[in-house]
Amino acid sequence: MLQIDSLVVRYGGIQAVQGISLEVQEGELVALLGPNGAGKSSTLNACVGLVKPASGRIVFEGREVQGMKPEDVVRLGLVLTPEGRRILTGLTVRENLLLAGAIRKDRKAMLADLDRLLERFPILGERAGLAAGTLSGGEAQQLAIARSLMCAPRLLLLDEPTLGLAPKVVDQVFGIVEELRAEGITVLMVEQNAVRALEIADRAYVMRTGVIVGQGTAEELGDAEGLISSYLGAGS
Amino acid sequence: MTELIQQIVNGLSLGSTYALLALGLAIVFSIFGLVNFAYGELITIAAYTMLLTSYMGLPWTLQIIAGVLAAVVGSVLMEQIAFKPVRNADPTTMIITSFGVAIAIQSIFTMTVSARPRAVPQPDWTATSVTLGGIIIPAYQILTITVTVVALVLMTVMLKKTRIGLSMRAAAEDFGAARLLGVRANRVVSAAFALSGLLAGVAAILILTRTGGVVEPTMGLGPVLKAFVAIVIGGIGSLSGAVLGGFILGFAEVALRAGLPSSVTGLADGVLFAVVVIIIISRPEGILGVKQRLRT
Amino acid sequence: MSSHTGWQALKVGVIRALLLAIPVVILALGWGALRGAGGQRLATVALINIVLVVGIQIFVGNSGVVSFGHVGFAAVGAYSMAILTSPPMVKRARIPDAPFGLSGVELTVPLAAVVSLILVAIVGAFVGVVVMRLSGVSASIVTLAFLIVVYNVLNNWTALTGGAEAFYGIPQSKSPWVVIAIMFVVLIVASAYKSSATGLQLQASREDELAASAMGVNVPGLRLGAFTMSAVAAGAAGILLALLLGAVNPNDFYLNLTFITVAMLVLGGKKSVTGAVLGVLVITVGDEIFRWIGDGPNLGFASLPLLPGVNGLFLGIIIIVFMVWRPSGITGNWEIDDLFRRRKVPESAPIPDDRDADFTPLPLKADDLRKNFSGVKAVDGVTLTVGSGEIVGLIGPNGAGKTTVMNLLSGILPPDTGTILIGDRALPRQLHLVARRGVARTFQNIRLFNELTVAENVEVTAHVARHRSSRALGTQPPRFTVPQLLDHFDLLPLAYRSAGTLAYGEQRRLEIARAAAVGCNVVLLDEPVAGMNEVESQSLRESIRALHDLMGAGVLVVDHDLSFILGLCQRIYVLDAGRIIAEGTPDEIASNPAVIEAYIGSERT
């Protein structure tokens, strides 16, 4: 469904992503792991057009998407829930969702989806008319995910969905991701919490300093010991 | 008492025009990050279009429609030609570019019409007035206040209820996040410039009814400077702040004119700009405390 | 290598001023001789515009803050001149009720000029106090507001200025030589200032205001100085204009002149004195050509129609085209004397072995630091110490609060509660004083002064280090020349490259060298190996050792890369969710389960 081939992303003189290749099949939940600065977010951002790759190909359902505008990528069903959530705090919860749904042609189905999501995330239902800025961190993450779902994603890219959340809320977010996967939504998730991510993911890639240093299922990647060494490099 | 009410009406009327102007400036700033110095030239474009159509013998109603349309088209073209290439430049580059646009447009009117003022005939009723319990309200003031109220209500409805309005509010808050949700950047920017031109065009009609229809190439300068002041008062980037800033400015100006000794009433503008300086230093976010929102 | 001592800067200033003034004067006098009185007048106006635009360049070029208000200072100078020099007879008719008995005053031209310049300096300093704390568009709007206030006062304080109509009676002086002399002085001042250490520091703030402050540059103070100086130059231009015209008028000093000077500066290149001069010449010629076209000239075979204002269209289009196509103008940062300058890089500049070894770095102690951001506890009671000369690591996962701790320790953010001591004295509240106290830092996203050279980047902090009072430090740290510092960090061959053009690893190294030059007590390194591979981070480790070796300063390295920190530091703190969860030697930290958990996540709670 998604193939990334020899992707290179540069910021100024910094080569954040140094020619990585990876693949996500339909129906999979794939985790992209690695320490801060490994180039995980840059990879996702390149997929949705937030940054322009220096070279390489990104193919989504047979179409090359590298260099496309974000607003066009999302219409293909390749949807990013960005790091830091970036919910629109001045808009109400419902407006956040309506904005995301506006790209869909079938308005009736969109509104039906909206109602379903407000039921599925009861806290959003309760706060539908309030400014999104009044939500707590965990609630805002739910809104961010719900908002992405309103775009009718074929493939959902989740960037650090648990960052800065309390442990209980982290559980809740992982629960939601598991549900999505059960519903058949394909997910590529960037996550710091490698152990938890591996628990739910079908497969994972491990990135470090812009290259992929490991990949496979949780078993293949080995125990925590092995993971630590791919995280921390050969030095430890 | 009558005197006071009279002055309040004056302040409301003056403030209305400023509020419309400030809103037009703030819409573009909030979405595009541009302090558009050439905004005043949209007023000039509207006014000269009314002049042209009056020469062509069109009735006033058609003149004002043509004027507003010209301002809308002018605003959108301004963005396409001059501002799009500097979209990602720093704010200072953008403001200097808008300086260039302002000079160029002024010069075009000097070249094609004249540097000297001309007059657009205004309908007779705009020079009449209504007396209500001892208070004399000129018709142009009633028109100004009514039009402003209608325009502000329509703007609010547009921003709150329509899809493009929602997109604009989203883009003003976080352009990147809005694009991730499918908001089309070019369309929103064009819409912001079109709306900005619309407000400038409407303000131009009101300004002409007040001044008896005087048009000249530099006529946009005074209004754009006042709109600057209003958005600084209201907090740069905030739409409601801009409207409120416009009204505060209108009342302050009326109060200063009434309060200053007659020998120095001309200094009222100087005082207002000095106040702006004080606001910028002490509360860069504006006196309303609206947090400044900049593009990401 | 560095031309930043006072005498050298003055030498550069005189050479550049001569190289610019000689052709300009020949052009001006030649044009005047060819075209009679009209040509002479045009040439003199162009020379005055050079005074004005080069004067504006002193502030705008070095600080990067665009001013739309300098024509206001020209107006103050011109009107002050008019009021002081015109005969009392004229004034009694024109401004009989002038305040301070000014209608009876008549000064000689030189005395009036001095008084006017002092007045401009006072007004300039006053406006400068406002502008110095602002950046970008806010600063520009304030300068525009100043221009409007001046225009408004000139038009409406009729008792003093005579109002909107022209004010006659200024003793006229048509000789170009006074103008040439003043222009020469202004060219020297602008060129010398740009080459001076003071000017360089202000340019550093133009490139990156936050980094400059954190490196010890007093940004507001330097802005105020440059603004006042440049206001005085603009005032001088106003005085010269008043003397040339013999009369002044508020409209002479408003938006038309502002537009044309902005166009000149933008077209020539605002960072360059040469550019400012070039801009005046090109726009003057262009403006004349378009005025001639606008007047409907007879070409012999056909007469063109009248096109008044076509010169304004030319100005507007020039501004737009340059903003879009080349915002740094024709010259960019280039100066005319660069044609003749040969830059030699010394082979080496070793640090002598007998350097002062008496210096002992002061320790940094932070006690119970707390910082909330709108209710989120980013830092929640952090206590840590960097002992004298100790290399300490601070690690933690993404979002742990490392960057906030860094910003607190380097004085960029004030803590909500808690204390930070250097030795036994509190961290200064003003950011630029922190570096002067010997605490310097690098930044996660690399914040170099990109358009300055490698040598200049280091010169900025070396200058701060040379000029700080030893009282603030206790003992005097050893001093190094810029070549010595560059050599120590293997940057000597890159000395004249622009910092922004360096490779990533070189940029990191330069940032460490820049901090090392001033950070004699503690240097804080924020994620120095982020995005680096093994080879690169190995080389960076050597730079950190070089830093430690230079003056023996303590180092606090913040990073998420555990292996890097384990191999480098003597002692390590682990931060998670705003709190220190572990502290110890590398061995202790490597085997601490809480650390592993914080890093790669925990089992389901």
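The values are calculated or read from the model by the stated rules, or taken from the named source; none is laboratory data. Only a predicted model underlies this, so the values are computations on that prediction, with no experimental measurement involved. With ideal geometry, Cβ positions are generated from the backbone for all residues, glycine too; neighbour counts draw on all protein chains shown. Keep in mind that these areas ignore ligands, DNA and RNA; they rest on the heavy atoms of the full protein, side chains included. Shrake-Rupley method; radii C 1.70, N 1.55, O 1.52, S 1.80 Å.
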Seminar exercise, completed: Taking only the alpha-carbon positions of region C:166-206 as identical scatterers, the Debye log10 I(q)/I(0) at q = 0.13, 0.24 Å⁻¹ comes out as -0.50, -0.80
Problem set entry | Accessible-area value, residue C:31, 1.4 Å probe, nucleic acids and ligands omitted, Å² | 110
For this session: Compute the distance in nm between two label points, each set 7 Å from the Cα along the Cα-to-Cβ direction, one at residue C:34 and one at residue C:326.
Result: 2.4
For this session: Report in % the part of the accessible area of region C:364-600 that belongs to carbon and sulfur, leaving out ligands and nucleic acids; probe 1.4 Å.
Result: 47
For this session: Per residue of B:167-180, count partner chain C-beta atoms within 10 Å of its C-beta, then hand back the mean as an integer.
Result: 6
Exercise. Restricting the count to DSSP beta bridges whose residues both fall in region A:2-232, what percent are antiparallel, rounded to a multiple of 5?
Worked result: 55
Seminar exercise, completed: For region B:164-296, the Cα-Cα pair-distance distribution in 10 Å bins from 0, as whole percents, is 11, 32, 34, 17, 5, 1
Seminar exercise, completed: With every protein chain kept in place and a 1.4 Å probe, the residues C:22, C:572 fall, from largest accessible area down, as C:22, C:572
Exercise. HN-Hα J couplings of region C:525-534 from phi, Karplus 6.51/-1.76/1.60, θ = phi - 60°, integer Hz, Gly and Pro as x?
Worked result: 10, 9, 6, x, 10, 4, x, 10, 8, 4
Exercise. Stokes-Einstein at 10 °C, 1.306 mPa s, Kirkwood radius from Cα pairs: D for chain A in µm² s⁻¹?
Worked result: 88
For this session: Mind checking A:94-101 for the average number of partner chain beta-carbons within 10 Å of each residue's beta-carbon?
Result: 4
Exercise. With every protein chain left in place, what is the accessible area of residue C:79 in Å² (1.4 Å probe, nearest 10)?
Worked result: 10
For this session: With a point put 7 Å past each Cα toward its Cβ, work out how far residue B:3 is from residue C:426 in nm, to one decimal.
Result: 5.4
Exercise. Hey, if we sort C:365, B:226 by accessible area with the 1.4 Å probe, largest down, what's the order?
Worked result: C:365, B:226
Seminar exercise, completed: Taking the protein assembly as shown, the equivalent ellipsoid from its C-alpha gyration tensor has semi-axes in Å, biggest first, of 54, 41, 26
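Do the sum for the protein assembly as shown: with -39,500 (n - 2.57) for every DSSP H run of n ≥ 4, divided by all residues, what is the mean residue ellipticity at 222 nm, to the nearest 500 deg cm²/dmol?
Details: 44 runs with 633 residues, N = 1137.
Estimated from H runs of four or more residues: -18000 deg cm²/dmol.
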For this session: Determine the shielding of peptide B:270-283 by partner chains: average, over its residues, the number of Cβ atoms on other chains within 10 angstrom of each Cβ.
Result: 5
Seminar exercise, completed: the protein assembly as shown: antiparallel bridges as % of DSSP beta bridges, rounded to 5, reads 60
Exercise. What share of Cα pairs, in percent, lie more than 30 angstrom apart in region C:6-339?
Worked result: 35
For this session: Would you mind getting me the FRET efficiency between residue C:10 and residue A:25? Use the beta-carbon distance for r and R0 = 51 Å, nearest 0.05.
Result: 0.10
Exercise. Looking at region C:295-336, which residues lose a minimum of 50 Å² of accessible area between their chain alone and all protein chains in place, measuring with a 1.4 Å probe and not counting ligands or nucleic acids?
Worked result: C:308, C:313, C:320, C:323, C:324
Exercise. Taking a probe of 1.4 angstrom, what is the accessible area of residue C:588 in Å², to the nearest 10?
Worked result: 100
Problem set entry | Whole-angstrom Cα spans of region C:281-394 along principal axes, big to small | 87, 54, 19
Exercise. Per residue and in Å³, how big is the convex hull formed by the alpha-carbon atoms of chain C?
Worked result: 203
Exercise. In what order, largest first, do B:282, C:469 sit by accessible area if the probe radius is 1.4 Å?
Worked result: B:282, C:469
Seminar exercise, completed: In whole Å, largest first, the alpha carbons of region C:54-112 cover along the principal axes 45, 22, 16
Seminar exercise, completed: Count of lysine pairs, region A:2-232, Cα-Cα under 27 Å, sep. 8 or more residues or interchain, comes to 6
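Please state, to two decimals, what the Cα-based radius of gyration of region B:15-224 comes to when divided by 2.2 N^0.38 Å (N = residues).
Working: Rg = 17.8 Å, N = 210, 2.2 N^0.38 = 16.8 Å.
The reported ratio for this selection is 1.06.
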Exercise. To the nearest 20 debye, what charge dipole does chain C have about its Cα centre, counting +1 at the Cβ of each Lys and Arg and -1 at the Cβ of each Asp and Glu?
Worked result: 1900
For this session: Within region C:263-349, list the GluC sites (Glu not before Pro) lying in a DSSP loop whose Cβ has at most 10 other Cβ atoms in a 10 Å radius.
Result: C:347
For this session: State the number of lysine pairs found in chain C whose Cα atoms come within less than 29 Å, restricting to pairs 8 or more positions apart or on distinct chains.
Result: 14
Seminar exercise, completed: So for region C:427-576, using the alpha carbon gyration tensor with a ≥ b ≥ c as root eigenvalues (a/c under 1.5 gives rounded; past that, a/b versus b/c decides prolate or oblate), I'd call it oblate
